[in-house]
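K.L.:
Once you've had a glance at the structure underneath, I'll fire off some questions.
The values are calculated or read from the model by the stated rules, or taken from the named source; none is laboratory data. Keep in mind it's a predicted model, so treat the numbers as computed, not measured. Here Cβ is always computed from backbone atoms with ideal geometry, including for glycine, and neighbour counts include all displayed protein chains.
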Amino acid sequence: MTTSNADLRDWVDAVAALTKPARIHWCDGSDAEYQGLVAEMQKSGDLIALNQKTYPNCYLHRSNPSDVARVEHLTFVCTNDRDAAGPNNNWMAPTQAHQKMDELFAGTMQGRTLYVIPYCMGPIDSPYSRCGVEITDSAYVAANMKLMTRMGSAALARIEREGKFVRGLHSTGDLNPDRRFIMHFPEELLIQSIGSGYGGNALLGKKCHALRIASWQARQEGWLAEHMLLVEIENPAGERFYIGAAFPSACGKTNLAMLIPPESMAGWKVRTLGDDIAWLHLDDEGQLRAINPEAGYFGVVPGTGPATNRNAYDMIRHDTIFTNVALTADGEPWWEGKGDGQPAIDWQGRPHDAKNGPAAHPNSRFTVSARQGSSYSPLADDPRGVPISAIVFGGRRRELAPLVYQAKSWRHGVLMGAGVASETTAAATGTVGVTRRDPMAMKPFCGYNFGDYWNHWLSFEKRAKKLPAVFHVNWFRQDDSGHFLWPGFGDNLRVIQWITERCAAKVGARETPIGFLPHSTDIDSRGVDLKPGALDALLKVDAGQWRAEMASVATYLQEFGERLPAELLDEHRRVVKDLG
Ligand code: OXD
Ligand code: MN
């Protein structure tokens, strides 16, 4: 196979000349091709077949123990002007980065297969979708891209029609962290990644394309590429709401996207459109519409159990690639929070010994086609996307942030998003549990200066006819003895219910300096196991703590200097003044 697109042909030739693969394989995206990749990886030991009776077509991949998460300190945005990347990114001059990467890529595919993977982020026939081509020497990446994106012949046909595509070059290299780099050249619509086989660093359609490069493209073209789940909520009256929610990595986006209503909320329905990324465009009527550019999930496995996320638990019973989970004695995958079975072999292939830490890596993952989920919404394939009613920000905050509050305006919502902070998790290399600012949950993913990004968000106020209401939630608030105040999971629908009622102007609210909060009687907590006074504690706004928070937000925003939009500062001043 080859292509009529000369740019693509020339690029593949140039990469092959540099990296010297033994053979080239153009992916067509067929099921037969996927089975071939799986068979090849079983032979090479890159995949281990799991118990095929209880987990049909499921496989385990063990990554190198030094290569288990995104590496933010090795991720760069290489723009000609350093300020374009901003203090929120690591920057390297494009000429220097190209030189470094050319040296690293030289001869790196010797003896290996070079896979050419054409893919489309979003429904093939949507005007909101964008295409890319990933070149990789990893069969694991090719198989994962088949599950995660619309990959193969149909994507190539669109590329041949349109001409434009994002180029992504990846090689696992020698997996030495000293020779590991994830480089983005937004001005060239180019990604280069070497030295890691881990999903977020290697499946270039996901974080690298659909967030870092797409956010840059989106600013130029007038749309938004966001780290958001996308979910449809239907109330008992049959009214439907579409919500985009941005939470930092491993804060429960997959769980919320696949939520199962509690028994006491008969008639409510939740359908999943996406669990990680949303692209938001204004349509001809000035309404914000969203698509999920992905077609599969790369979800965190630990904690996925029948009580926490039954949908995901059932979804990953077949046709799933597991990465870095443990094994039971009879070859089933095992992870902390699974709820049954016992680990025999840990994620590194050693006999399990609790002294070595968790049996499954805390950032172990499942890769699965989204269509396999029982809550899958067919609207995920609708080229028009869905009209967004609400945008929800959230973070993992032990204290301070109430269970839910609503921004007073779009501008206030942008400030709310800019101030998102969360305790770090295992999704990225580094210390876990430290609170850091993660604006719009995009700190690791915005491909340009946050100052310009907030300006771009603010610009929607003038361009849109009707903007979604903006909210902030915090499922993770704790009491003084460190116990979670809110049960979370399915019960989060009670908070979502309030959000939908606010969107439909059906319920009032308590106005505070930080936004509108529910009266505690407006959250339906019948049948919820809450300690006495918990709801009041969850909805408390402590003015002293908030004054300190706003001071810390100001210090953070000042890092962006002249690029910080004046409207954001004005809004900040307003909140501070109201706090007294
Ligand atoms: C992810 C992440 O893998 O955000 O989705 O780290
Ligand atoms: Mn994510």
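K.L.:
Is it true that some residue in region 484-501 is in a loop (DSSP other than H, G, I, E, B) and of a type in the set (D, E, K, R)?
P.N.:
There is no residue in region 484-501 that is in a loop (DSSP other than H, G, I, E, B) and of a type in the set (D, E, K, R).
K.L.:
If Ala326 passes every condition in (1) within 13 Å of Tyr55 (Cβ to Cβ); (2) free of Cβ contacts under 8 Å to residues at least 40 places away in the same chain but one, which one does it miss?
P.N.:
With (1) within 13 Å of Tyr55 (Cβ to Cβ); (2) free of Cβ contacts under 8 Å to residues at least 40 places away in the same chain applied to Ala326, the lone miss is (1).
K.L.:
A follow-up question, please. Among (1) within 20 Å of Ser193 (Cβ to Cβ); (2) surrounded by fewer than 22 Cβ atoms within 10 Å (Cβ to Cβ), where does Ala154 come up short?
P.N.:
The one condition Ala154 does not meet is (1).
K.L.:
Further, regarding this structure: If you go through region 244-260 one residue at a time, do you hit one that is of a type in the set (D, E, K, R) and either over 15 Å from Asn309 (Cβ atoms) or more than 15 Å from ligand 1 (Cβ to nearest atom) (or both)? Working first, answer last.
P.N.:
Taking region 244-260 as the starting set, the residues that turn out to be of a type in the set (D, E, K, R) are 253.
From what's left, either over 15 Å from Asn309 (Cβ atoms) or more than 15 Å from ligand 1 (Cβ to nearest atom) (or both): none.
No: region 244-260 contains no residue that is of a type in the set (D, E, K, R) and either over 15 Å from Asn309 (Cβ atoms) or more than 15 Å from ligand 1 (Cβ to nearest atom) (or both).
K.L.:
Is it true that Lys531 is charged (D, E, K, R), out of contact with any Lys or Arg (no Cβ under 8 Å at 6 or more places or on another chain), at pLDDT below 95 and assigned to a loop (DSSP other than H, G, I, E, B)? Before the answer, list the steps.
P.N.:
Details: charged (D, E, K, R): yes; out of contact with any Lys or Arg (no Cβ under 8 Å at 6 or more places or on another chain): yes; at pLDDT below 95: yes; assigned to a loop (DSSP other than H, G, I, E, B): yes.
Considered against the rule, which asks whether it is charged (D, E, K, R), out of contact with any Lys or Arg (no Cβ under 8 Å at 6 or more places or on another chain), at pLDDT below 95 and assigned to a loop (DSSP other than H, G, I, E, B), Lys531 comes out as yes.
K.L.:
Restricting attention to region 422-438, and to residues there that are touching a residue at least 60 places away in the same chain (Cβ under 8 Å) and either in contact with a helix residue (DSSP H, G or I) (Cβ under 9 Å, 6 or more places away or on another chain) or farther than 19 Å from Val68 by Cα (or both), which single residue is nearest to ligand 1 (Cβ to nearest atom)?
P.N.:
Filtering first and then ranking leaves Ala427.
K.L.:
Being surrounded by fewer than 19 Cβ atoms within 10 Å (Cβ to Cβ) and within 29 Å of Tyr448 (Cα to Cα) narrows it down to one of Ala548, Ala509, so name that one.
P.N.:
Working: Ala509 fails: within 29 Å of Tyr448 (Cα to Cα).
None of the other options fit; the residue is Ala548.
K.L.:
Quick one: count up the residues across region 97-130 that are hydrophobic (A, V, I, L, M, F, W, C) and under 16 Å from Phe165 (Cβ atoms). Write out each step before concluding.
P.N.:
Let us first name the residues in region 97-130 that are hydrophobic (A, V, I, L, M, F, W, C), namely 97, 101, 104-106, 109, 114, 116-117, 120-121, 124.
Now drop any that are not under 16 Å from Phe165 (Cβ atoms), which leaves 116-117, 120-121, 124.
Residues in region 97-130 being hydrophobic (A, V, I, L, M, F, W, C) and under 16 Å from Phe165 (Cβ atoms): 5 in total.
K.L.:
Kindly list the number of the only condition in (1) crowded, with 17+ Cβ neighbours inside 10 Å; (2) under 19 Å from Gln558 (Cα atoms) that fails for Ala469.
P.N.:
Failing condition for Ala469: (2).
K.L.:
Taking helices (runs of 4 or more DSSP H) that fall entirely within region 186-285, which contain at least 3 residues that are under 21 Å from the mean Cα position of the chain (by Cα) and away from ligand 2 (no atom under 16 Å from the Cβ)? If you could, list the steps in order and put the result at the bottom.
P.N.:
Numbers: elements: 199-202, 214-221, 253-257.
Filter on region 186-285 gives 214-221.
For (1) of a type in the set (A, V, I, L, M, F, W, C); (2) touching a residue at least 24 places away in the same chain (Cβ under 8 Å); (3) outside the structural domain of Pro439 (by TED's automatic domain parsing), each residue gets a yes or a no:
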| residue | (1), (2), (3) |
| --- | --- |
| Val301 | yes, yes, yes |
| Thr304 | no, yes, yes |
| Thr320 | no, yes, yes |
| Ser364 | no, yes, yes |
| Pro383 | no, yes, no |
